[in-house]
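Only one structure is covered here, and it is reproduced in the block below.
FYI, it's all coordinate maths here, none of it is from the lab. All values reported here derive from a predicted model rather than from experimental measurement. A quick note on method: Cβ atoms are made from the backbone with ideal geometry, for glycine too, and the neighbour counts reach across all protein chains shown.
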Protein chains: 4
Amino acid sequence: MSFNTFGHIFRFTTWGESHGPALGAVIDGCPPGLALSEADIQPFLDKRAPGQSRFTTQRREPDAVRILSGVFEGRTTGTPISLMIENVDQRSKDYSEVAQAYRPGHADYAYDAKYGFRDYRGGGRSSARETAARVAAGAVARLVIPEVRVRAWVEAIGGDAVTDFDGDEIDRNPFFCPDAAAALRWEAMIDAARKAGSSLGAVIACEATGVPAGWGAPLYAKLDAELAAACMSINAVKGVEIGDGFVAAALSGEQNADRMRPGEDGPEFLANHAGGIAGGIATGQPIRVRVAFKPTSSILTPVETITREGAATEIATKGRHDPCVGIRGAPVVEAMVALVLADQKLLHRGQCG
Amino acid sequence: MSFNTFGHIFRFTTWGESHGPALGAVIDGCPPGLALSEADIQPFLDKRAPGQSRFTTQRREPDAVRILSGVFEGRTTGTPISLMIENVDQRSKDYSEVAQAYRPGHADYAYDAKYGFRDYRGGGRSSARETAARVAAGAVARLVIPEVRVRAWVEAIGGDAVTDFDGDEIDRNPFFCPDAAAALRWEAMIDAARKAGSSLGAVIACEATGVPAGWGAPLYAKLDAELAAACMSINAVKGVEIGDGFVAAALSGEQNADRMRPGEDGPEFLANHAGGIAGGIATGQPIRVRVAFKPTSSILTPVETITREGAATEIATKGRHDPCVGIRGAPVVEAMVALVLADQKLLHRGQCG
Amino acid sequence: MSFNTFGHIFRFTTWGESHGPALGAVIDGCPPGLALSEADIQPFLDKRAPGQSRFTTQRREPDAVRILSGVFEGRTTGTPISLMIENVDQRSKDYSEVAQAYRPGHADYAYDAKYGFRDYRGGGRSSARETAARVAAGAVARLVIPEVRVRAWVEAIGGDAVTDFDGDEIDRNPFFCPDAAAALRWEAMIDAARKAGSSLGAVIACEATGVPAGWGAPLYAKLDAELAAACMSINAVKGVEIGDGFVAAALSGEQNADRMRPGEDGPEFLANHAGGIAGGIATGQPIRVRVAFKPTSSILTPVETITREGAATEIATKGRHDPCVGIRGAPVVEAMVALVLADQKLLHRGQCG
Amino acid sequence: MSFNTFGHIFRFTTWGESHGPALGAVIDGCPPGLALSEADIQPFLDKRAPGQSRFTTQRREPDAVRILSGVFEGRTTGTPISLMIENVDQRSKDYSEVAQAYRPGHADYAYDAKYGFRDYRGGGRSSARETAARVAAGAVARLVIPEVRVRAWVEAIGGDAVTDFDGDEIDRNPFFCPDAAAALRWEAMIDAARKAGSSLGAVIACEATGVPAGWGAPLYAKLDAELAAACMSINAVKGVEIGDGFVAAALSGEQNADRMRPGEDGPEFLANHAGGIAGGIATGQPIRVRVAFKPTSSILTPVETITREGAATEIATKGRHDPCVGIRGAPVVEAMVALVLADQKLLHRGQCG
């Protein structure tokens, strides 16, 4: 779990920049014999793909994935699976201004401070475009954990939260929103933000059901620590909660206790404040994660900043951007949760048989 | 970063159970030549130590640390530093009931599900007692980053937050509370909870100043991802925020932008919504982390649960416990933040010179 | 260093099969700012490339490398460098027999035993074709260690060793042989082996000069342990020696002692039995490694074996193969040594500054 | 596998110096539920222990191991197992001369070059005393692989090899020698070397039977690469061979082919040139490893060297040393092979189920 590789046994490494020729992921440690073709991956990429509605960036990327290795006669061989997605709609000329000045809220200044220079075209490696590789890898991870269902949705945009939950609704609107009424409100909010040259933050919720009690490995690779790292590594994420998260900090011990009763198949829990994890190990309840996405940093409204040479200036970020990057974060969070769970399944099987 | 080891270059491995003969940490990859003796570590252990006021567990542990290797003539040699703390005040008989039934909110059931059985004495490996080893390791980490000041405090207990911040106040009360008025309120709240056989959650805030722009390494070992994993691996933690965290999800792009101006020594930032990290790399601003601790799961109030054999029962957790485990979490969060930063310093120096 | 990734800070991951569409490497942790283009890599691939003389496989692969990420305006950015080499001369139909029976000495049976099935086309992932990715990655590693010169040569073929050493001769014959007379003998030997449907083993020697005293990190990532793992991971390698290797086991302590005298720039050593490494750390002397390659397992001479179903049969391996795979091992050993040294340089700088 | 940690799932970390208060190992990732007590470890330490005959160092260390964590009610819990061995017979005053001058062949100079200074007492961390921790960890590893028998012996001392093999003889002489006649010759040779203030090298052979086909994981964690790293990390080791090793480099393809026939339980191999590993994966045949130990570098005969300040001097290494460190290397090689195999078993189970 270093630099651009994530995972212990089921590991993936991603590469590629926003405006380079391609991006990709190499998955290592995948169990052999799983049926896998591009058709298993493409639907997840399509959910994340840009340019599908006026609520996301207008960059048009087909995000067509190719499997370059690790699959033979339609099945995974146990050797590295190389996935590649070509970039086809770069417009690097939009970024001449970004080359000269730092966009507040962006990684521009930090990359320069670390590396001495940076690929400024579309944010280079720090672009959310990298998340396509995560989603592709996540689709493979799902095949490793057929017993698990991972589903994410948008819970709030710009501070306006859902008040209803209808799982079927999630795929019916462009916001992965489980509440039709909220989706209508968000449409207006995002239109307004876009027209104002502004942007909005969002909260993503993710649930994984079917995770058997026992996955996860204390202490520093606790299931919740891995999920926190996985989600916090996504662009624009600033907070992660497991179960009740910060709300739990305001509860009493009795309120927070997930009481147990004898159930048909192991214990039956009367609540799930813990979000399905205790002591870093899955309890068999649904894993619940919440993730905070900050508003897109690329905004048309000019903001005060400095040039690379340190002079004062203003910058208005042109180019094509999501008015709310959190929306497309939903499939990315799903992918990261699936990737963590696939790895933990193998780790658990490795240690405990 | 697997199982019981954390870090990339500056790595530490912890071992030990609540009621075993001892616990400890092995630190590897420490730079050579640093002045180090037990006296550099003990003060941090003393801050975390139990039994110091009626607001923490009454278990009396001197937590005296011994350095068993890696130091010669008062300086680190660059080889593994083995730290050991002996347990002296175990009362394992308190736990006979815990052996038979699962405490809701605890790791009891999950450990059994994973490993087939568990050391039930005081929670075994899942006990917060393990955090003594983290604090000891964290004290060594601080020596690696003399340019950085790491400071944590309690920001809220049971939902009651500070409204004032006086850094000098933090060490004047038993709650690491920077607000004298809040400390008084908390005293009453915790006394009440303790008497009621209940417990309270808490929020810890931590700030690291002096971190140079450039530390951190995208993408999966982003500075914020490492901090999130480090803090989420602490017992009872259910949420981690960097900078504005979940609040940022309700902001607009303009509100969230940390504007920059030319400063005397690099850029001057006009705000720090980002918590000092952009693109996974430090910006030179203070690193700001918030951590949610759930209420202690061990409560005297009986709660519904099941036995190991699956029968219905009730359990009231006797033994000696913190009414609010988050309080002693403050030095632990400090330690984990220091450990992450020490490692990232060496990683950055390794890659970028 | 797991599965298909090697290294600690400077890490590379390879992917691809002999008869897949492409193969490649992803390099992570590379220092930023190094001048890099395909032209820096191609010459090393050309040295390793097949089909250049009648002494290697007749498969014709241009091995043209493409850099897909991690380089901007001609310099490394510090983010992952993705290298891809397309396969253009697969003839998978040659392998129908291999699909049904196990070639003795090959990985066929072991892959089936591990994974349940295998990509039999050209050996799939177990093919020496994978070493092209190592050589490409090694070319980048060299840029990280400009102070070091790494050079490998063939020291013996089929038990016939060089008796002379002329460094300039190495690139003048198709055997990387530093002894013109031996090269002539080997030509005849390989021709004879090829005509007989047989194959020959080889010993490769490698020397790295300019490695500063101090690189390497005891105990389990000792410089010699890393070199041993790196070289033993190359296809067909069965032995690795550092310095005098097995010969040292027959020496007395006085004979083996590398005496020191005051030199102009640190100590002057009077011998180098140790091969430049003591206690797992470079001494500043030339690093010396010897590597044993077994004879190519793919031979035309029929040998007794079994089918996948366990029936007795004979197999003669058709297809195009190196009569002595060790020859092309020379650039691969060079690459692996460079990759280890680049990583150790960064590790040392990380820990010790 | 970094610095002082070895392994992927079954991992161990060692710490401690020759003349510190203690040394130890922390084992992580051990399967739960294995019966374990000190009595399972001590016999292996006793085999390695010094001071048992005049052919090893006269330092008297009981090497009594204590289990400090990870075992509850006589069984492993799946959490870290901390093993500690106290040093009781240090005589640090013997080393005043070593503090000032570098012993040729030793790590003295290299440690100074790397770390700026060193613990010179008994070689500090570079002492072969560290191998006690490996042996202790190896004893635990054996419990993870009850299906495997690992056995090492001394094959040659000072260039004089065994010509006979009687497995029962190995434990009957102080040389782990399977040839009673050779043991007699070695006795004389070592006595002579000791009296001459000299030392001898040795070759250790190790065989692991019962390893199922399928363990091991290409490409960079190949079973042979892991074994090579494991053995090369042992003090004084300069060469590692798998199967025929360097001899294979002189064979033809037909000679080297391990022909297969249908057997009762999978294939029957007609030879084992490969040493039980093909493509980095176990074939089910016995794993065969050979390891070259250089002669002990600590010799009484004065040799030319330099002081820390760079002045010319001579040094004769007093203190208590093994005249042939390779002898006690046999249990250490056994331990390392067991440790690799335990880890590979868990890795294989993790990936392939």
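Can you give me the angle between helix A:38-48 and the longest principal axis of chain A, using Cα atoms only, in degrees from 0 to 90, rounded to the nearest 10? Between helix and principal axis, roughly 60 degrees.
Mind checking the dipole of the stretch C:300-352: about its Cα centre, +1 per Lys or Arg Cβ, -1 per Asp or Glu Cβ, Debye to the nearest 20?
Details: 6 positive and 6 negative charges, 62 e Å.
For the stretch C:300-352, the charge dipole is close to 300 debye.
For C:Lys318 and C:Arg54, what is the calculated FRET efficiency with R₀ set at 25 Å and r taken between the beta-carbons, to the nearest 0.05? Before the final figure, lay out each step's value.
Values: r = 17 Å, r/R0 = 0.69.
The computed FRET efficiency comes out at 0.90.
Only helices enter this figure: runs of n ≥ 4 DSSP H residues, each worth -39500 (n - 2.57), summed and divided by the residues of chain A, yield -8500 deg cm²/dmol at 222 nm to the nearest 500.
For a Förster distance of 22 Å, can you work out the FRET efficiency between the beta-carbons of C:Ala161 and C:Ala188, rounded to the nearest 0.05? Spell out each step's value before the answer.
Working: r = 16 Å, r/R0 = 0.71.
The computed FRET efficiency comes out at 0.90.
Report the relative contact order of the stretch C:81-155, percent, no decimals, based on alpha-carbon pairs under 8 angstrom and at least 6 residues apart.
Numbers: 27 pairs, mean separation 20.7, N = 75.
After rounding, I find 28 percent.
Over chain A, with a Gaussian network built from C-alpha contacts below 10 Å, which listed residue (A:Ala282, A:Ala217, A:Ala181) shows the highest mean-square fluctuation? Sorting by GNM fluctuation, first place goes to A:Ala181.
Computed from backbone phi, the HN-Hα couplings of the stretch A:4-20 come to 10, 10, 10, x, 10, 9, 7, 10, 9, 10, 10, 8, x, 10, 4, 10, x Hz, rounded to whole numbers (Karplus: 6.51 cos²θ - 1.76 cosθ + 1.60, θ = phi - 60°; Gly and Pro given as x).
Remark on A:Asp258: its backbone amide H falls under 5 Å from those of B:Gly105, a criterion applied only to residues 5 or more positions apart or on other chains, H modelled at 1.01 Å from N. For B:Arg134, B:Arg290, D:Arg194, C:Arg172, the sequence from fewest to most other C-beta atoms within 10 Å is C:Arg172, D:Arg194, B:Arg290, B:Arg134. Skipping prolines and chain starts, which residues have an amide H placed within reach, meaning under 5 Å, of the one on C:Ser127, given they are 5 or more residues away or on another chain? Those lying under 5 Å, H to H, from C:Ser127 are C:Ser18.
Springs between Cα atoms under 10 Å define the GNM used for chain A, and in it the highest mean-square fluctuation of A:Pro262, A:Pro212, A:Pro50 occurs at A:Pro262. Label points for D:Pro43 are taken 7 Å from Cα along Cα→Cβ. From this copy to the others they lie 5.2, 5.7, 6.0 nm apart, shortest first.
For A:Val88 and C:Thr307, a Förster radius of 30 Å and the Cβ-Cβ distance give a FRET efficiency of 0.05, rounded to the nearest 0.05.
The string of couplings for the stretch D:79-87 from the Karplus curve (6.51, -1.76, 1.60, θ = phi - 60°) is 9, x, 9, 9, 10, 10, 10, 7, 8 Hz, one whole number per residue in order, with x for Gly and Pro. Sorted from nearest, the other copies put their D:Arg172 label points 5.9, 8.2, 8.5 nm away, the label point being 7 Å from Cα in the direction of Cβ.
Here the stretch A:25-179 is assigned +1 on the Cβ of each Lys and Arg and -1 on the Cβ of each Asp and Glu. Its dipole about the Cα centre then comes out at about 580 debye. Among the listed pairs A:Lys345/B:Lys318; B:Lys222/C:Lys345; C:Lys238/C:Lys345; C:Lys222/D:Lys294; A:Lys195/A:Lys294, a Cα-Cα separation exceeding 25 Å is found for A:Lys345/B:Lys318; C:Lys238/C:Lys345. With θ taken as phi - 60° and the Karplus curve 6.51 cos²θ - 1.76 cosθ + 1.60 applied, the whole-hertz 3J(HN,Hα) list for the stretch A:228-243 is 5, 5, 4, 6, 5, 7, 6, 3, 6, 7, 10, x, 9, 10, 10, x Hz, x standing for glycine and proline. Here each label is just a point 7 Å from Cα along the line to Cβ, and for C:Asp265 and B:Ala39 those points are 4.3 nm apart. Lys/Arg Cβ at +1, Asp/Glu Cβ at -1, dipole of the stretch C:11-169 taken about the Cα centre: which of C:Leu68, C:Ala110, C:Gly29 is farthest positive-ward? Result: C:Ala110, furthest along the dipole toward the positive end.
Only Cα pairs under 8 Å and at least 6 apart count here; give the relative contact order of chain D as a rounded whole percent. Show your work: numbers first, answer last.
Details: 768 pairs, mean separation 77.6, N = 353.
Rounded, it is 22 percent for chain D.
Taking Cα atoms only, the orientation of helix C:131-144 departs from the longest principal axis of chain C by about 20 degrees.
Only one residue of A:Gln90, A:Leu251, A:Asn4 has its Cα farthest out toward the positive end of the dipole of chain A, where Lys and Arg carry +1 and Asp and Glu -1 on Cβ, and that residue is A:Gln90.
Could you grab the relative contact order for the stretch D:232-353? Cα pairs under 8 Å, six or more apart, rounded to a whole percent.
It rounds to 22 percent for the stretch D:232-353.
Among chain C residues, the one whose Cβ is nearest the axis of the rotation from C to B, given with its distance rounded to whole Å, is C:Gly350, 1. For chain D, the longest principal axis of the C-alpha atoms and the axis of helix D:329-352 are separated by about 40°. When only alpha carbons are used to place a centre, the stretch D:189-256 and the stretch A:121-136 end up 46 Å from one another.
In debye, nearest 20: dipole of the protein assembly as shown around its Cα centre with unit charges on the Cβ of K, R (+) and D, E (-)?
Values: 148 positive and 172 negative charges, 1 e Å.
Here the size comes out at about 0 debye.
Suppose you put the label 7 Å out from Cα in the Cβ direction; list, shortest first and in nm with one decimal, how far A:Glu309 is from each other copy's label. With the label placed 7 Å along Cα→Cβ, A:Glu309 yields 5.4, 7.9, 8.3 nm.
Which of D:Pro262, D:Ala312, D:Gly284 sits closest to the plus end of the dipole of the stretch D:250-353, meaning its Cα is farthest towards the positive end, when Lys and Arg get +1 and Asp and Glu get -1 on the C-beta? Positive-most Cα among the choices belongs to D:Ala312. For the stretch A:142-158 versus the stretch D:284-353, the inter-centroid distance based on Cα atoms is 50 Å.
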